[in-house]
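Novice: Got a structure for you, questions after.
The values are calculated or read from the model by the stated rules, or taken from the named source; none is laboratory data. Since this is a predicted model, take the numbers as computed values, not measurements. As a convention, Cβ positions derive from the backbone with ideal geometry for all residues, glycine included, and neighbour counts pool all protein chains shown. Calculation scope for accessible area: heavy atoms of the full protein, side chains included, ligands and nucleic acids excluded. Shrake-Rupley method; radii C 1.70, N 1.55, O 1.52, S 1.80 Å.
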Amino acid sequence: MQYELFDSHCHVDDPKFDADRAEVLSRMAEYGVTRYAVVGSDMASSRHAIDYAQSHPGAYAVVGIHPHEAKGYREGDLDTLTAWLKEDKVQAIGEIGLDYYYDLSPRDVQLDVCEKQMQLAYRLDVPVAYHIRDAHQDMLELMKRQKAKLSGGIIHCFSGSWEIAREYLKMGYYISFAGPVTFKKAPRLQEAAMNVPLDRLLIETDSPYLSPEPMRGRRNEPTHVRFVAEKIAALRGIPVEELAEATSRNAMNAYRIK
């Protein structure tokens, strides 16, 4: 591999990798995935992400409460997150946000827990990784209400149109694309990937989920971020090496990694 890649969002610490994690990490090295963000979804997985990142070179942790898990929010969680965010290799709050596709937590609870974590990010001046599905309008309204207190970050696994992407860009966010951008029936997503400025573009796998073409139907892993890179580079008509370099630099900037 002649270029390095940064998988800006994955779950390689997930139990789905327990049986062959060493082989997965070996393939990552072989394919140039030298840096990656391991992202929590609740308090337990966030602590696990920290421990994983602190024991693996090139890994960084993101901690927070996913909208699916918002119903499990407990008093004291923000204090715990505050302490964790001061630990080595913990770079952001996430993945937080709104998910109206599954509605695994009531929408009012999702909004409340998301806003609490956004306010924490502002107080600590740390970036945020957002999970937003079928809820862009409410998320944009929440962001606009908080506009003076946004601390920047990433719209992870972007699923909207170029018009929606522009609204997030106006507020200073990076836009991250995952496996769905490679799908044949994804014209809106591909239009967004073509138009997001190169200095605001990220790539990710969200592994073990959302395998890209040609790996659909199999467990996803960080090495497959190259397929996302290759697809977007082809859409934009630029060398994949250029896209890899830009997205790696952008991930470092988005997560404020020195």
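Novice: Can you name the residue in region 151-187 that is within 14 Å of the chain's Cα centre (by Cα) and of a type in the set (A, V, I, L, M) and is also farthest from ILE96 (Cα to Cα) among such residues?
Specialist: Looking at residues that are within 14 Å of the chain's Cα centre (by Cα) and of a type in the set (A, V, I, L, M), I get ALA178.
Novice: Which residues, counting only those in region 157-201, are among the hydroxyl-bearing types (Ser, Thr, Tyr) and open to solvent by 40 Å² or more (accessible area, probe 1.4 Å)?
Specialist: Within region 157-201, just SER159 meets the criteria.
Novice: Another question about this same structure. For region 103-144, give me the residue count where each residue is part of a helix (DSSP H, G or I), touching a Gly at 6+ places or on another chain (Cβ under 6 Å) and open to solvent by 10 Å² or more (accessible area, probe 1.4 Å).
Specialist: Count: 1.
Novice: Do any residues in region 197-221 that are closer than 20 Å to ILE154 by Cα and free of Cβ contacts under 8 Å to residues at least 60 places away in the same chain have Cβ atoms under 7 Å from those of residues that are part of a strand (DSSP E or B) and of a type in the set (A, V, I, L, M), where the two are at least six apart or on different chains, and which pairs are they?
Specialist: These pairs meet every condition: ARG200/ILE175; LEU201/ILE175.
Novice: Under 7 Å between Cβ atoms, which residue pairs at least 6 apart in sequence (or on different chains) link something in region 126-150 that is closer than 18 Å to PHE177 by Cβ with a partner that is in a helix (DSSP H, G or I) and among the β-branched types (Val, Ile, Thr)?
Specialist: HIS136/ILE164
Novice: Given (1) under 24 Å from ALA135 (Cβ atoms); (2) touching a strand residue (DSSP E or B) at 6+ places or on another chain (Cβ under 9 Å), identify the lone condition not met by ARG256.
Specialist: Of (1) under 24 Å from ALA135 (Cβ atoms); (2) touching a strand residue (DSSP E or B) at 6+ places or on another chain (Cβ under 9 Å), only one is false for ARG256: (1).
Novice: Name every residue in region 202-258 that is in a loop (DSSP other than H, G, I, E, B), hydroxyl-bearing (Ser, Thr, Tyr) and open to solvent by less than 70 Å² (accessible area, probe 1.4 Å), in order of residue number.
Specialist: Those that are in a loop (DSSP other than H, G, I, E, B), hydroxyl-bearing (Ser, Thr, Tyr) and open to solvent by less than 70 Å² (accessible area, probe 1.4 Å): THR205, SER207, SER211, TYR255.
Novice: If a residue has to be open to solvent by 20 Å² or more (accessible area, probe 1.4 Å), touching a helix residue (DSSP H, G or I) at 6+ places or on another chain (Cβ under 8 Å) and either among the hydroxyl-bearing types (Ser, Thr, Tyr) or at pLDDT below 95 (or both) to count, how many in region 45-58 make the cut?
Specialist: Residues flagged as open to solvent by 20 Å² or more (accessible area, probe 1.4 Å), touching a helix residue (DSSP H, G or I) at 6+ places or on another chain (Cβ under 8 Å) and either among the hydroxyl-bearing types (Ser, Thr, Tyr) or at pLDDT below 95 (or both) within region 45-58 amount to 0.
Novice: Suppose we filter ASP42, ASP20, ASP13 for residues that are more than 19 Å from the chain's Cα centre (by Cα), surrounded by fewer than 24 Cβ atoms within 10 Å (Cβ to Cβ), at pLDDT 95 or above and among the acidic types (Asp, Glu); which single one remains? Walk me through how you get there before you give the answer.
Specialist: Details: ASP42 fails: more than 19 Å from the chain's Cα centre (by Cα); ASP13 fails: more than 19 Å from the chain's Cα centre (by Cα).
After applying the criteria, what remains is ASP20.
Novice: If you don't mind, there's one more thing I want to ask. Determine if region 112-125 includes at least one residue that is in contact (Cβ under 8 Å) with a residue 24 or more places away in the chain, touching an Asp or Glu at 6+ places or on another chain (Cβ under 7 Å) and over 30 Å from MET215 (Cα atoms).
Specialist: Checked region 112-125: no residue is in contact (Cβ under 8 Å) with a residue 24 or more places away in the chain, touching an Asp or Glu at 6+ places or on another chain (Cβ under 7 Å) and over 30 Å from MET215 (Cα atoms).
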